[in-house]
Amino acid sequence: MKLTIGAKEYFPGIGEIKYEGRESQNPLSFKWYDADRKVGDKTMAEHFRFAVSYWHSFGGLGGDPFGPGTRILPWLAAADPEKRARDKMDAAFEFITKLGIPFYCFHDYDLVDEADSLAASEKRLQAITDYALEKQKDSGVKLLWGTANLFSHPRYMNGAATNPDFTVVAYAGGQVKHALDATIKLGGENYVFWGGREGYMSLLNTNMKKEVDHLARFLGMARDYARSQGFRGHFLIEPKPAEPSKHQYDFDAATVCGFLNEYELANDFKLNLEVNHATLAQHTFQHELQVAADHGMLASIDANRGDYQNGWDTDQFPTNVYELAEAFLVILQAGGLQGGGVNFDAKVRRNSTDLIDMFYAHIGGMDAFARGLLMAHDVLTKSEYPDLLKARYASFDSGEGKKFEDGALGLEDLAAIGHKSSPKMTSGRQEYFENLLNQYL
Ligand code: XLS
Ligand code: NI
Ligand code: NI
């Protein structure tokens, strides 16, 4: 990767962020993330494939329902939308290359403002993706995934692919086609669907079956088009239970896996799991990861953290090393993320108003991931954890337990064995397992 600064330097005085180790007192250095350090058979860079999200970092102003934005982003100063888009991209690539992050992710209209018609928006997208292509070539930064913003514009207030009005569905189709074209043009490795408004507010005015059928039809069409254009990557669904819809159709990993299987989309679609969406669904993040892994659908992560005391998507930067260690126990045992990476779908707090705060936030997130990975790797390679877990199920490894697993027993056989057996109490040893994790903190 090459440091790439545009006509104007947006983060003067900040150079390339380097690994300096945990004893370093330099806040602009990595204490744990050491890109080339091998953990198992992969380097840290290969394990994570970190990505910066374009929307929060370069477009998010920090507004909330109680007050306007607080961040002043100098790259958004130009009045002309195309010039503003190029300035924003200069800032983005400067930031990304200073941090040494290999990937980025965007929504179509993060790159450049939406125009008055689909055709005019497409023209703008073509121009800015020409520019992005140059920037990617200069820097070596790559596109982890692209997506379309099908939730902000008022036309999508009743949904995009699930809108009861066909003209809106068709408009969304036009938008997704352009977003796919942009993603393919930029060599995007995946394409994401997050269905913020694909859900409903009241069942009284909703035909749920029809809407979910339409969603599946729409996704199949997008898949067929992208494949016809040579796209080989994964399509990813990002589950979330609610917000902005009250009931979102892609509620959680289990719901989405069931949906993909039911509509025969499972060969092309996998999951992009977000920490804060898991907690909103009343799951742990590691639960969601495990569900996806068990379906062979664990592809990518939106990294962030919720707040345990409230119930919305706060999108804080990840700092919870313990949670990430548990997550990496799942990811490592699943053989890693399939084709995806770790995208920081996270924003600095409303009162973190200096541009340097973006650096602290990403450095902290990357270090937290590195530490979680190291803990999980130690637990899996140095401790008795894998053996202990396996031992809990040892009664299925041979004899009649094995026959049960192989489907060689009927219920009468099982009952006959039951009559002969005298089950004893076997401790689940939860605290013992928890202590093993803490031992490698
Ligand atoms: C919102 C989602 C969104 C997706 C991309 O909660 O996390 O940011 O990641 O559309
Ligand atoms: Ni997300
Ligand atoms: Ni989110």
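Odds and ends about this structure:
- Within the shell of other residues whose beta carbon sits under 12 angstrom from the beta carbon of K390, the net charge comes to -2, with Lys and Arg scored +1 and Asp and Glu -1.
- Segment 175-302 shape via C-alpha gyration tensor axes, a/c threshold 1.5: oblate
- Of all accessible heavy-atom area on the chain, the percent that carbon and sulfur account for (1.4 Å): 52 percent
- Cα gyration tensor category, rounded, prolate or oblate, for segment 295-349 with a/c compared to 1.5: prolate
- Checked against a 26 Å cut-off, the cross-linked pairs K83/K185; K240/K382; K403/K424 give Cα-Cα distances beyond that limit for K240/K382.
- Positive dipole terminus of the chain, leading residue within T279, A78, G339 (C-beta point charges): A78
- Compactness of segment 209-279 as Cα Rg over 2.2 N^0.38 Å, two decimals: 1.13
- Solvent-accessible area of V141 with every protein chain in place, 1.4 Å probe, in Å² to the nearest 10: 0 Å²
- Accessible surface calculations at 1.4 Å, restricted to protein heavy atoms, place the chain at 47 Å² per residue.
- Taken about its Cα centre, the chain carries a charge dipole of about 420 debye when Lys and Arg each add +1 at the Cβ and Asp and Glu each add -1 at the Cβ.
- Each part reduced to its alpha carbon centroid, segment 421-436 and segment 327-347 end up 29 Å apart.
- Over all Cα atoms in segment 290-388, the spread is summed up by Rg and Dmax: 15.0, 48 Å.
- Proximal charge balance of L436 [Cβ under 12 Å; K/R count +1, D/E count -1]: -4
- When the GluC sites (Glu not before Pro) in segment 1-85 are filtered for DSSP coil states and for at most 15 other beta-carbon atoms within 10 Å of their beta-carbon, the remaining sites are E9, E16, E20, E23.
- Summing charges over neighbours of A132, with a neighbour being any other residue whose Cβ is under 10 Å away from its Cβ, gives +2 when K and R count +1 and D and E count -1.
- Rounded if a/c under 1.5, otherwise prolate or oblate - the chain, Cα gyration tensor axes: oblate
- Inter-part distance where segment 1-72 and segment 115-137 are each reduced to a Cα centre, Å: 25 Å
- Surface listing: H283, H277 arranged by accessible area from highest to lowest gives H283, H277, probe 1.4 Å.
- Over 28 Å (Cα to Cα) - which of K209/K270; K347/K390; K42/K402; K98/K177 fall in this group: K347/K390; K42/K402; K98/K177
- Dimensionless Rg ratio for segment 333-390, taking C-alpha atoms and the 2.2 N^0.38 Å reference: 1.58
- Placing unit charges on the Cβ atoms of the charged side chains and taking the dipole of the chain about its Cα centre, the candidate lying farthest along the positive direction among A391, Y54, Y131 is Y131.
- Choice from Y200, Y393, Y249 with maximal GNM fluctuation in the chain (Cα, 10 Å cutoff): Y393
- Candidate membrane-span-like segments in the chain, meaning DSSP H helices with Cα atoms spread over at least 15 Å of their own axis and a Kyte-Doolittle mean of -1.0 or above, are 81-99, 118-139, 166-185, 208-228, 321-333, 356-382, with no membrane implied.
The values are calculated or read from the model by the stated rules, or taken from the named source; none is laboratory data. The structure presented is a predicted model; accordingly, all values stated were derived computationally and were not measured. As a convention, Cβ positions derive from the backbone with ideal geometry for all residues, glycine included, and neighbour counts pool all protein chains shown. The accessibility values were calculated without ligands, DNA or RNA, using every heavy atom of the protein model including side chains. Shrake-Rupley method; radii C 1.70, N 1.55, O 1.52, S 1.80 Å.
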